[in-house]
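The values are calculated or read from the model by the stated rules, or taken from the named source; none is laboratory data. Source: prediction; values computed, not measured. In this analysis, Cβ positions are derived from the backbone assuming ideal geometry, glycine residues included, and neighbour counts consider all displayed protein chains.
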Amino acid sequence: MTSDIATTAGVVSEETTPAGPGSSARSGGYGRYLGRRALTSLVTLWGITLVSFGLSVLVPINPETTNLSQQALANPEAVQAFRAKFGLDAPVWEQYLNYVKGLLHGDLGISQQTGNPVSHDLTTYAPATLELVLVATAMSLFLGILLGVLAAYLRNRWPDHLARAISLIGVSLPTYWLALACSGLFFRQLGWLPGSGRLDPTMEAPPHVTGFYTVDALLAGDWSAFGSAVSHLILPATVLAVSTLGMILRFTRSSVLDGLGSDAVKAARAKGLGRSRVLVRYAVRLASSQIITVAALSFGFLLAATVYVEQIFSWGGLGQYTYRASTNLDLTAITGVSLVIAVIFLIVNFLADVIASALDPRILLR
Amino acid sequence: MTGTDVADVKRPSRRTRTRRVPTWMRRPGVVLGFVILLAWAVIMLVPALIPYDPLETVGPALTPPDGQYLMGTDALGRDNLSRVLAGASTSVLNGLAIVVLAATVGTLIGLVAGFFGGWVDEVCMRLADLVFAFPGIILAMAVAAALGPSIRNAVIAAAISWWPGYARAVRSIVLSLRESEFVLSNRLSGVGPIRSIAVDLLPAVTGSVLVLAMLDIGGAILFLAGLSFLGLGAVPPDPEWGSMISGAIQYFDQWWLAVGPGVAIVSVVLAFNLIGDALRDRLEPRLQEIQGEAR
């Protein structure tokens, strides 16, 4: 996994290669970079709609069999009516246009499992998952960057070995199994932490503002609900954080090492600046744009990893919804979720590139 | 794992002491990895080691581990240990299949993209970007669900989301070799594009692809188990680690149901990753070249 993660991060720079060396940096380089980056994002967005169209309409050989009952299938008129209703007898391009038209109106189809429109389900479940993923990303970044910088600074000494062992174990553990183990130990055996749901069952959810229970509880000034929401977050967020910790750690370590080997750092050291000062002011700063990129990546991966974790903690978010859709083969819901997650990931990556290029103008030259 | 090489250079006095330690002992992680893999290979090759039929009810349901059923029994009274051991072939062999498939497809696409350049290259690389637009398991999940749940479809779905890494790496190597003399001289003497790819370029990228593949095996096994966990890999009666853990979620008190398959996955994946990690270390500068240029 790590190897293709390393290349995933490369998307950023690869897309920005041409346009002649040095041409962009001086006049409006930033605007041109953003324009080009936005354009490639749009192309990818178009591709994403093609993929989800293909998966929901073209690949399943018989949409009727997945959508109609046995009885209806036996009746050719019903099958015909079904095909006509969903435009399945139209040419492919027309079906695609209809599909995109539907998407623009927020129509992702009806989930067979819940009977609701998928877009309705997604808006219901998304806040819970976003809250969890944001907390997990923050935890993972904090620990990963700290350990990564430390490992680079003390290369080949024990903190480096420890960091390597952590990242090795992190990438070898199935997230869902870790979730089960933590739930079994800290929730069921020891009873230290709550391991089911987002709030104490006796409590009422704080009035809906953002959908994030922690934020909503604070806004309502309800400290006991806030405490309960935080304690419910700890287990699932930690489990999630572990799943990308190794990636962030390894990435930070190698980019800080690159920074430490750079001419700027050598010059700063030669000038007489202390080691730790150089580390923070130069090497980490040189690595910061790459760390932003990996932060966006890990946000996306954690969004996907909730599929493994939420069911076990009955979190009631997108991940649990997707797990159920997947185990029940609710194809409409699965393609809807994958489309939305890909679009969120696309936006996050775009924003990360905007920030990274602002932090590090060298990106514009590449 | 150990920084002995560096220590050697810095402190020559310790040299004689480290010398006496055989090379393989200096990397206990690799040794551990190989031992674990060897054990699993024996289990996969000698079916007699599996105590019961993994598909048959052999005792009362949900028996805790005891002398007769070392890892207890599941909800249908099947022997858990037998199922864990029998699951090895499914998980490991299909994990390998993902890597082989992804590496083959990725190499071919990378060769073609790098060699022909122009719009061919553009199309291939935009396809790769598209795959990377879906984080983690999301694309494979959607593909596997659309194709219908089966272990074969799960392998295909996983390979579809894994080939771009190889394509990028191979393409970057081909780009650096395309204009080199040994390729050009053959081209000038009338060697066609397909032959040139097969004879000059393919051998040049094979080593790098093998290294990347070796690093990926652990991840691929984990990925496939994840798809099975989501109900999109092995179909129920068949023993498979991911789906066994998925089935264990509802039995909180029967901890043994999840421990067995979990330990199995972790041991195999960790073994491959330990070996891969050592490989990465040894090939560090070259590997960075391979992966770095793909950026």
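List of remarks:
- Residue tally, condition out of contact with any helix residue (DSSP H, G or I) (no Cβ under 9 Å at 6 or more places or on another chain) and surrounded by fewer than 21 Cβ atoms within 10 Å (Cβ to Cβ), over the range B:80-120: 2
- Filter result for B:Ala146 (within 14 Å of chain A (Cβ to nearest Cβ) and free of Cβ contacts under 8 Å to residues at least 40 places away in the same chain): yes
- Residue in the range A:276-286 that is of a type in the set (Phe, Trp, Tyr), away from chain B (no Cβ under 14 Å) and either under 30 Å from A:Arg198 (Cβ atoms) or without any contact (Cβ under 8 Å) to a residue 24 or more places away in the chain (or both) present: yes
- Selection status of A:Arg253, buried (at least 22 other Cβ atoms within 10 Å of the Cβ), charged (D, E, K, R) and assigned to a helix (DSSP H, G or I): yes
- Any hit, the range B:121-128, residues being among the small types (Gly, Ala, Ser), touching a residue at least 60 places away in the same chain (Cβ under 8 Å), crowded, with 19+ Cβ neighbours inside 10 Å and touching a helix residue (DSSP H, G or I) at 6+ places or on another chain (Cβ under 6 Å): no
- Residue satisfying all of: in the range A:160-198; away from every other protein chain (no Cβ under 14 Å) and out of contact with any His (no Cβ under 6 Å at 6 or more places or on another chain); surrounded by the fewest Cβ atoms within 10 Å (Cβ to Cβ) among these: A:Trp192
- Helices (runs of 4 or more DSSP H) contained in the range B:176-295 and holding at least 2 residues acidic (Asp, Glu) and free of Cβ contacts under 8 Å to residues at least 60 places away in the same chain: B:284-293
- Qualifying residue in the range A:265-275 (condition: part of a helix (DSSP H, G or I) and either in contact with a strand residue (DSSP E or B) (Cβ under 8 Å, 6 or more places away or on another chain) or of a type in the set (Ser, Thr, Tyr) (or both)): no
- Candidates B:Gly95, B:Gly106, B:Gly114, filtered to the one that is in a helix (DSSP H, G or I) and either within 16 Å of B:Ala198 (Cβ to Cβ) or among the acidic types (Asp, Glu) (or both): B:Gly114
- Considering the range B:129-188, the residues that are surrounded by fewer than 24 Cβ atoms within 10 Å (Cβ to Cβ) and among the basic types (Lys, Arg) include one that is farthest from A:Leu55 (Cα to Cα), namely B:Arg187.
- Looking across the range B:206-219, the residues that are under 18 Å from A:Ser167 (Cβ atoms) and more than 7 Å from chain A (Cβ to nearest Cβ) come down to B:Met214, B:Ile217.
- Flag if A:Gly319 is within 23 Å of A:Ala181 (Cα to Cα), in contact (Cβ under 8 Å) with a residue 24 or more places away in the chain and either within 10 Å of another protein chain (Cβ to nearest Cβ) or buried (at least 24 other Cβ atoms within 10 Å of the Cβ) (or both): yes
- Annotation: of all residues in the range A:293-309 being among the β-branched types (Val, Ile, Thr) and under 20 Å from B:Ser243 (Cβ atoms), the one that is nearest to the chain's Cα centre (by Cα) is A:Thr306.
- Count of the range B:54-78 residues which are of a type in the set (Asp, Glu) and not in a loop (DSSP other than H, G, I, E, B): 0
- Test: A:Gly170 is under 17 Å from A:Pro127 (Cα atoms), touching a residue at least 12 places away in the same chain (Cβ under 8 Å) and of a type outside the set (Lys, Arg): no
- If the condition is being surrounded by fewer than 17 Cβ atoms within 10 Å (Cβ to Cβ) and of a type in the set (S, T, N, Q), then the range A:199-245 contributes A:Thr202, A:Thr210, A:Ser224, A:Ser231.
- Residue within the range A:164-173 that is out of contact with any Cys (no Cβ under 8 Å at 6 or more places or on another chain), assigned to a loop (DSSP other than H, G, I, E, B), under 18 Å from B:Asp277 (Cα atoms) and modelled with pLDDT of 85 or more present: yes
- All told, B:Ser91 meets the bar of being hydroxyl-bearing (Ser, Thr, Tyr) and under 18 Å from B:Gly218 (Cα atoms).
- Selection count, the range A:31-49, where residues are within 12 Å of another protein chain (Cβ to nearest Cβ) and over 26 Å from A:Leu97 (Cα atoms): 0
- Identity of the residue in the range A:140-159, surrounded by fewer than 20 Cβ atoms within 10 Å (Cβ to Cβ) and in contact (Cβ under 8 Å) with a residue 60 or more places away in the chain, that ends up nearest to B:Ser228 (Cα to Cα): A:Leu143
Yes/no per residue for (1) touching a helix residue (DSSP H, G or I) at 6+ places or on another chain (Cβ under 6 Å); (2) under 30 Å from A:Ser254 (Cα atoms); (3) not in a loop (DSSP other than H, G, I, E, B):
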residue	(1), (2), (3)
A:Leu103	no, no, yes
A:Asp107	no, no, no
A:Gly115	no, no, no
A:Thr123	no, no, yes
A:Ala128	no, no, yes
A:Glu131	no, yes, yes
A:Val135	yes, yes, yes
A:Phe142	no, yes, yes
A:Leu150	yes, yes, yes
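- Residues satisfying the stated conditions in the range A:331-360, i.e. touching a residue at least 60 places away in the same chain (Cβ under 8 Å), within 22 Å of A:Ile110 (Cα to Cα) and surrounded by 24 or more Cβ atoms within 10 Å (Cβ to Cβ): A:Leu331, A:Ala333, A:Thr335, A:Gly336, A:Val337, A:Ser338, A:Leu339, A:Ala342
- Answer residue from the range B:228-261, given it is surrounded by 24 or more Cβ atoms within 10 Å (Cβ to Cβ) and among the polar types (S, T, N, Q) and is nearest to B:Ala102 (Cα to Cα) among those: B:Ser228
- Qualifying residue in the range A:277-298 (condition: crowded, with 20+ Cβ neighbours inside 10 Å and assigned to a loop (DSSP other than H, G, I, E, B)): no
- Criterion (surrounded by 24 or more Cβ atoms within 10 Å (Cβ to Cβ) and not aromatic (Phe, Trp, Tyr)) met by exactly one of B:Ala225, B:Ala264: B:Ala225
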